[in-house]
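The values are calculated or read from the model by the stated rules, or taken from the named source; none is laboratory data. This one's a predicted model, so the numbers in the text were calculated from it and none came from an experiment. Reconstructed Cβ throughout: ideal geometry from the backbone, glycine too, with neighbour counts over all protein chains shown. Please note that ligands, DNA and RNA were not included when accessible areas were found on the heavy atoms of the full protein model with its side chains. Shrake-Rupley method; radii C 1.70, N 1.55, O 1.52, S 1.80 Å.
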Amino acid sequence: KEKTTLANELSHALADKHFNLGKFMDETPSNDDEDMAHTAVVEGQASWLMLAYDLKEAGKDPVPTEEMLKSVVDSSDTSMSDFPVLKSSPLYIQQSLLFPYTAGTLFFDAVYQKMGKRAFAAVFEDPPIDTAQILHPQRYFEHKKPAQPDLPQISNQDKAKEITEGSLGEFDHDMLLRQYDGEDLAGHLSPHLSGGEYEILDRGKGQQPVLEYASEWDSPEEANRFFRAYKGVLKGKWNRCDWSVEKQNMIAGTGDDGYFLVRLNGQTVSSVEGLTDPAEWRRLQETARAKSSVQVLFRPTS
């Protein structure tokens, strides 16, 4: 066990020597999803090498078998049992700590199977750019980039102060849906995400922070499924959630954080949450209705 742990640490040391892990981990500070993917590269490669070292020590071919790889994924359940604090922590915290080791190991194995020894440098020189590429290595090989949907815009946008902003990828959406809509729906929907963005704004004294969010999906059908699933998210994350508007492409109402508006537009789902001014909330609804009317009026015919 001590030798295996040493192999893990030495793999980190070698990677750091050749690719500067500090810079590799910090070069995208505003892109949380890409940062998670980079962490999965670092930990996944090291975990894969630990398995390879054990095989070599046993006089076997130093390429992890499917059973060994499965054991890495299954070990997440053991980790929960061995560490009660981890088991009692929120789902997102649990899985964000385990993801780099479980999904990261499977990702690196897929790259190694395709590239051989060249994989050791390739994952650092041409790293994955989102968690979807970690979860679906074929997207990494195809260099499939995440979409960056436009965020909805509130009034007086220029006067608001940005608290934080960033990307929301497949891992984030999988956790969100698992938390509030169940594992089956999450497993079906999250792989269909094309990309997500968010921004949280401080609008000044006496007002709630406002969340602006948008996600793009690979088809209107999947976007519609997520739009309907997002109702479960709103109901789950708040103690109080009341609908005043519930239409085919828009829901609006009030929750613990104030007024909200969620909209479906083709392959995009967007939301504004945390509004305190009912007049502004109504204006956003009217703007959304007007945009929908224009899109229907000028929709191209086949």
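Brief remarks on what is shown
- Test result for Ser302, modelled with pLDDT of 95 or more and either assigned to a loop (DSSP other than H, G, I, E, B) or under 22 Å from Gly204 (Cβ atoms) (or both): no
- Any chance Pro64 is assigned to a loop (DSSP other than H, G, I, E, B), closer than 30 Å to Gln148 by Cβ and either open to solvent by 50 Å² or more (accessible area, probe 1.4 Å) or modelled with pLDDT of 85 or more (or both): no
- Within region 205-231, the set of residues being open to solvent by 20 Å² or more (accessible area, probe 1.4 Å), in contact (Cβ under 8 Å) with a residue 12 or more places away in the chain and part of a helix (DSSP H, G or I) comprises Pro220, Asn224, Arg225, Lys231.
- Of residues in region 36-61 being of a type in the set (Gly, Ala, Ser), surrounded by 13 or more Cβ atoms within 10 Å (Cβ to Cβ) and more than 24 Å from Met175 (Cα to Cα), the one farthest from the chain's Cα centre (by Cα): Ala52
A quick yes/no check of all residues on (1) open to solvent by 60 Å² or more (accessible area, probe 1.4 Å); (2) modelled with pLDDT of 95 or more:
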| site | (1), (2) |
| --- | --- |
| Leu189 | no, yes |
| Arg203 | no, no |
| Leu234 | no, yes |
| Glu246 | yes, no |
| Ser270 | no, yes |
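- Condition check for Ile154: modelled with pLDDT under 95, among the hydrophobic types (A, V, I, L, M, F, W, C) and open to solvent by less than 70 Å² (accessible area, probe 1.4 Å): yes
Residues checked against (1) in a loop (DSSP other than H, G, I, E, B); (2) among the aromatic types (Phe, Trp, Tyr); (3) in contact with a Leu (Cβ under 9 Å, 6 or more places away or on another chain):
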position: Ile93; (1), (2), (3): no, no, yes
position: Tyr140; (1), (2), (3): no, yes, no
position: Lys145; (1), (2), (3): yes, no, no
position: Ser155; (1), (2), (3): yes, no, yes
position: Met175; (1), (2), (3): no, no, yes
position: Asp184; (1), (2), (3): no, no, no
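- Any hit, region 94-109, residues being more than 20 Å from the chain's Cα centre (by Cα) and modelled with pLDDT of 95 or more: yes
- Flag for Glu162 being assigned to a strand (DSSP E or B) and either aromatic (Phe, Trp, Tyr) or buried (at least 20 other Cβ atoms within 10 Å of the Cβ) (or both): no
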